[in-house]
Amino acid sequence: MQFDLKKSDRKATLDAILERLEGYYDDTAKFPVSPDIDVKEIKAFINEQSLQSGGNYAAAIESVFKGLEEYAVHTPHPKYFGLFNPRPNFAGIISELIAAYYNPQLAAWSHAPFAVEVETKIIKEFANLFGYSNDKSDGVFCSGGNEANQTAVLCALNHKYPDFARDGLLGTKKRPIIFCSKEAHHSVHKAAKTAGLGYNSVIPIPVDEDLKLDAAELSIALDNCRKNNTDPLMIIGTAGTTGTGAIDDLEGISKIAKNHNIWFHVDAAYGGAAILSHTLKNQLKGIEYSNSITFDAHKWMSVPMGTSIFITSDTDILGRTFSISTQYMPKDAEKLEIKDPFSHSIQWSRRFIGLKVYLSLLFYGWDGYDDIISHQAHMGELLRKKLSQNGWTIMNNTALPVICFTDEKHGKDENFTKTILEKIYQSQKSWISIYPVKNINTFRACITNYNTAENDLDELVSELNNERKKYLK
Ligand SMILES: *Cc1c(COP(=O)(O)O)cnc(C)c1O
């Protein structure tokens, strides 16, 4: 078996896949956003492919394209108004290919100094944008917001309990408690579970009218925590909740965290990109007072999946949390006083994740991102306006392009929202989701595609109007 394909076979394969991929990129809008899913059919299709002898490259690739095109929600579609799954940008896409060809190993600085230095530079740039001072910031690329939030919890534990790295939770006398709003992402709970704290260590704080963490309730919870003989560990503020795009009062929370002397983490997985837009960045006021930040570039920066950044203003904490010494890892970095990513993060072997952000910035620049993030926020404003003009009521309040809406007269009718949503999924033209706001199941539409244009909004609103009319007939 020849593992390296012949040059001519590689060329033929690359030509074929490039044509197919480019076709998908150009014509994404022609695909049904969400096809019917039949589990049996998908399993059967996968089982039909022989894994025994290999060799038929064209058929192999064709089967993957068929699988991805027929059995998936097309999140890069301009009328995918779903969760924060972007249409990936071109620089990000080719970065995946480049990183795979060179396959640099970023575990140790000495094996991939260029790649590690690029990531270090990007992290510094973001730390500065978020308002951390240049000499007081550190961070690491992560696979996603989940890993970044888990990193935050581990850092908070090592900050609070100086011997945590050695003694683990057995060294803590009282149960450590994480505070976040009821609207926070459940990766916080997952982080609590995987850090050994357990689900019950997370205290969800009620939210105010605008679905932001209620500061008064937080203060009460902190007092209760001390009375119950538990130990406040950290407060997590969310900048852009997954449900409604709410941004907690970061400045207010930072003061409470400071008064109680506990770690303040901001989960800006989605909303952090607001910092790139001159019209939105003031929404993140107070983020500069945090101890750490989660920011997903694979959401609003539209780079492909698997790209998040954890940033902290504590320059020692990542080392204290993760460092480990081994005989088999290269030692050069020690001499250079450079931090090796493997002793600085959850991951060990490490892909060149940061290339997707770096190349995107080289291609589009901060200016390009300012334009595109502001544009998407503008599309959100337009959609809000169009919905209101058509008798829909907006149920959330945010400057980010996440819109939760209902029909005031019929929203309380359980079947109303459910039936209309089913019809929309059946038509396969747009994809929106459902999210409960103040005990009403609302429709949730998010502009997560940089190509979504005004006519896409019009088509969504008109489909909603038609389905409402049919339902009420
Ligand atoms: C998406 C999201 C997460 C989880 O991030 P992943 O990249 O999916 O792992 C965490 N917090 C918030 C607010 C999110 O929107």
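Annotations for the structure displayed:
- Residue 385/residue 327 FRET efficiency (R0 60 Å; Cβ-Cβ; nearest 0.05): 0.40
- Simple spin-label estimate for residue 103 and residue 41 in nanometres, 7 Å along Cα-Cβ: 3.6
- Exceeding the 22 Å Cα-Cα cut-off - candidates 190/423; 212/258; 429/470; 43/418; 299/386: 190/423; 43/418; 299/386
- Computed magnitude of the charge dipole of the chain (debye, nearest 20; Cβ of K, R +1, Cβ of D, E -1): 900
- Prolate/oblate/rounded call for segment 139-212, Cα gyration tensor, a/c under 1.5 rounded: oblate
- Efficiency of FRET from Cβ geometry, residue 251 and residue 199, R₀ 22 Å, rounded to 0.05: 0.15
- Under 17 Å of direct C-alpha separation, and excluding same-chain neighbours fewer than eight residues apart, residue 409 reaches these aspartates and glutamates: 467.
- Based on DSSP H segments of at least four residues, each scored -39500 (n - 2.57), the chain has a per-residue ellipticity at 222 nm of -14000 deg cm²/dmol.
- Label separation (residue 24 vs residue 440): 3.9 nm, computed from points 7 Å beyond Cα along the C-beta direction.
- Gyration tensor (alpha-carbon) shape descriptor, the chain, a/c threshold 1.5: oblate
- Normalised by the number of residues in segment 1-77, the average gap of Cα pairs under 8 Å and 6 or more apart makes the relative contact order 50 percent.
- Placing dummy labels 7 Å off each Cα toward the beta-carbon, the span from residue 71 to residue 52 is 2.1 nm.
- Scoring 144-156, 195-207 by mean Cβ neighbours within 10 Å over their residues and listing the highest first yields 144-156, 195-207.
- Charge context of residue 364, other residues only, Cβ under 11 angstrom, K/R +1, D/E -1: -3
- Projecting the Cα atoms of 421, 61, 204 onto the charge dipole of the chain, computed from C-beta unit charges around the Cα centre, puts 204 farthest toward the positive end.
- Scoring 299-307, 209-217 by mean Cβ neighbours within 10 Å over their residues and listing the highest first yields 299-307, 209-217.
- Between the alpha-carbon centres of segment 254-280 and segment 71-143 there is a gap of 20 Å.
- Using θ = phi - 60° and Karplus 6.51 cos²θ - 1.76 cosθ + 1.60, couplings along segment 106-118 (whole Hz; Gly, Pro as x): 8, 4, 10, 3, 5, 7, 8, x, 4, 4, 5, 5, 4
- Judged by the mean number of other Cβ atoms found within 10 Å, the most tightly packed of the peptides 341-350, 55-64, 390-399 leads the ranking 341-350, 390-399, 55-64.
All of the numbers you see were taken from the coordinates with simple rules; none came from a lab. All values reported here derive from a predicted model rather than from experimental measurement. All Cβ positions, glycine included, derive from the backbone under ideal geometry; neighbour counts span all protein chains shown.
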